[in-house]
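First the structure, in the form of structure tokens, and then the observations on it.
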């Protein structure tokens, strides 16, 4: 057979196609075949603990990989393509987004998660369980909310200053608003409440129901939402909010908030425990002047993440051993001291390192306050749409607070947007 | 005629065979050329055409990014038409575009005219004016975040020196649009100034000389001679800024977050698309928004096309009349 140019080219093309096909077929399912890859967000897991895990699980070739940017988007892309997937991945408090698609993951119960279940806060454990009973998430951290306040300014103004006294003065939201009014009379130009958004968010976080039941049915009774809304509007009407609206997403306004912490303009605020790191970092001059106490209205949680194992992991048992060790009650205090991620295991709360007096809080043992709240949090179902719905309500609250929109109009608009959104998503018919 | 016809058909019966064989050889002969242009088309097919077609397919589905897709037909588009947020985002984009383009063009013209006259350190100044354009937008937005900060921002402090009260740059709807526009102006003025400068330097000097002899002052020369002659360059700059302006995203997102800030005043079209698809995980509707943006861009391009074409027709006519 003579090699004509045409034959040569056909052959070359066939070879090329074959090579292309081979490449396409061998794109690996997991990110590092033969290794156990763990995706985590920046500041989502302690690097010190991870470093020790790498040595400890050398046989499994644990490869922690910090995902820059949005972990979720990378995970969705990898899941859609079923390639370059992590063996273990972190999931945020929107874990319910994955409950309908648990076939991509391993049920931790099948790996013996039940044996360590009792070591964790029951409500946190339940938050990682799908309505069908599939254990998707392993607890990483929780976010019990407390009232942070300026002890020095309170006592200077002749107000109750000790945590128990302040907690008694603000035991309900109404008490909190009345007390804030009194404080503002004595300390004009200063605020007790960050914005309407925090009132809404933390008031709703204390309710046993949010927007959906565990079967993803939109609740007929949304009175808890209205209650949180009314409280937020009331705080605004009484002139108690500093109006750093949206302070968590808008970096310009968090600059304002940081400045208000430093200047003492923000006298107190309700927030989950994870704000402590930011507070220490951006207002170092106020060290020793802050205290925390039980928040108005009772215990609530905001935020917190999980670890999950994908079904593409060739050795899920080994992966589970790693997860279990990383988040063991013995390691949680280290993560807390390192990054301020609040432990999900009650047994960690009595760790001597976490029971030490904290100079930033004037020698107060804040763990006592937070741990009590963490234990009292009610289990609540967080649906896949909760974040978007909450954002819709708080957007409208911001319109009330900063653009002078009529609260009733804002409420109607928020309700209408939420229902439109759910209709579009096929949740409401 | 009749004598020729049969001969032709006879020839035609044999001709096709030879013709195709010849054609095939001809086609193979051009293979290297086809191969040479192939990389672009292969890459375009994978990274350009496929995503475009796939987004059209996605726009007909309901999909959260993980689970199975659900076909919903034109529902997403029907929803888009009645979606006030989408219409608001078009409005915001156009408002920000106008608020940024008009002052930017004026500033750029002034700077170009200044650079064109004999000043010292011309090269250094040109580089300095161009620098904002190559600065990372994210870094820039962080800096502007502290500048525009409502209570403790540098800008409000500076305005305070002149007795001007605090402007809520990041909470008032119009101030938000102003803040984003200022960032765009800062970023693109230098770029356009350099383009205008190139245009100015290409203008024939004899026209200006004639104007001077006729006794025109500098202001008169600028408005009567320079500006009309610079028209093609100005149009280019407006078209370019329209292309960029319709895609405003990073400034809003970094300064105000995914939801466009208070009142959604900074919610631009692309930001709304991003927020829907990648923050709310609604990829089907996100794709529908993307096609909505496409339609707006097409309409705008037609508008631009007419703007650009008209003066050329005018020029041809005047040229014809001159002869």
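Using a Gaussian network model of chain A whose springs link C-alpha atoms within less than 10 Å, name the residue from A:111, A:45, A:240 with the highest mean-square fluctuation. Top of the fluctuation ranking is A:111.
DSSP finds beta bridges in the protein assembly as shown, and of those with both partners inside it, around 70 percent are antiparallel. Once the C-beta distance of residue A:59 and residue A:337 is scaled by a Förster radius of 35 Å, the resulting FRET efficiency is 0.80 to the nearest 0.05. Among the residues of B:256-265, the average count of other protein chain beta-carbon atoms within 10 Å of the residue beta-carbon is 6.
With respect to chain A, whose longest principal axis is taken over its alpha-carbon atoms, helix A:173-186 is tilted by about 60°. Protection proxy ranking of A:399-411, B:202-214, A:187-199, by the mean of other Cβ atoms within 10 Å over each peptide's residues and highest first, is A:187-199, A:399-411, B:202-214. Using a cutoff of 8 angstrom between alpha carbon atoms and counting only pairs six or more residues apart, the relative contact order for chain A works out to 24 percent. By the Cα gyration tensor, the range A:138-254 has an equivalent ellipsoid whose semi-axes, rounded to whole angstrom, run 28, 16, 16 from largest to smallest.
Once the convex hull of all Cα atoms in chain B is built, its volume per residue stands at 293 Å³. Largest GNM mean-square fluctuation among B:262, B:103, B:51, using chain B with Cα springs under 10 Å: B:51. Ranked by how many other Cβ atoms sit within 10 Å of their own Cβ, fewest first, the residues A:311, A:185 fall in the order A:185, A:311. Helix A:223-237 axis versus longest C-alpha principal axis of chain A: approximately 50°, rounded to the nearest ten.
Would you mind pulling out the separation of the Cα centroids of the range A:372-404 and the range B:60-116, in Å? What the calculation gives is 28 Å, centre to centre. For the range B:82-194, the Kirkwood hydrodynamic radius comes to 15.8 Å, computed from all pairs of different C-alpha atoms. Label point of residue A:213 set 7 angstrom out along Cα-Cβ; within the range A:363-382, amide nitrogens under 20 Å from it belong to A:378-382. Taking the helices alone, the protein assembly as shown has a mean residue ellipticity at 222 nm of -17500 deg cm²/dmol, built from -39,500 (n - 2.57) per DSSP H run of at least 4 residues and averaged over all its residues.
For the listed peptides A:382-391, A:414-423, B:278-287, a ranking on the average number of other beta carbons within 10 Å per residue, highest first, reads B:278-287, A:382-391, A:414-423. Convex hull of alpha carbon positions in the range A:185-312: directionally averaged projected area 11.0 nm². Percent of Cα pairs in chain A per distance bin of 10 Å, from zero to the largest separation: 4, 19, 27, 23, 14, 6, 3, 2, 1, 0, 0.
In the range A:42-194 the Cα-Cα distances spread across 5 Å bins starting at 0 as 1, 7, 13, 13, 13, 11, 8, 8, 10, 8, 6, 3, 0 percent of all pairs.
Note on chain A: GNM, Cα springs under 10 Å; of A:379, A:64, A:208, the largest mean-square fluctuation is that of A:208. Give me the inter-chain shielding for B:171-178: mean count of other chain Cβ atoms within 10 Å, whole number please. Partner Cβ neighbours, averaged per residue: 2. The C-alpha atoms of the protein assembly as shown occupy a region whose extents along the principal axes are 113, 87, 52 Å, arranged from largest to smallest. Taking 20 °C and 1.002 mPa s as conditions, the range A:303-429 diffuses translationally at an estimated 114 µm²/s according to Stokes-Einstein applied to its Kirkwood radius (Cα pairs). Please report the relative contact order for chain B, taking Cα pairs under 8 Å with a sequence separation of at least 6, and give it as a percent rounded to a whole number. RCO, chain B: 25 percent. Mark the label point 7 Å from the Cα of residue A:42 along Cα→Cβ and return the residues of the range B:118-144 whose backbone N is within less than 18 Å of it. In the range B:118-144, the label zone of residue A:42 (backbone N under 18 Å from the point 7 Å along Cα→Cβ) covers B:136-144. Peptide A:414-421 has a mean of 2 when you count, residue by residue, the C-beta atoms of other protein chains within 10 Å of its C-beta.
Taken together, the values in this text are just the output of simple stated rules run on the coordinates, not laboratory data. This one's a predicted model, so the numbers in the text were calculated from it and none came from an experiment. No Cβ is skipped: glycine too gets one built from the backbone with ideal geometry, and neighbour counts run over all protein chains shown.
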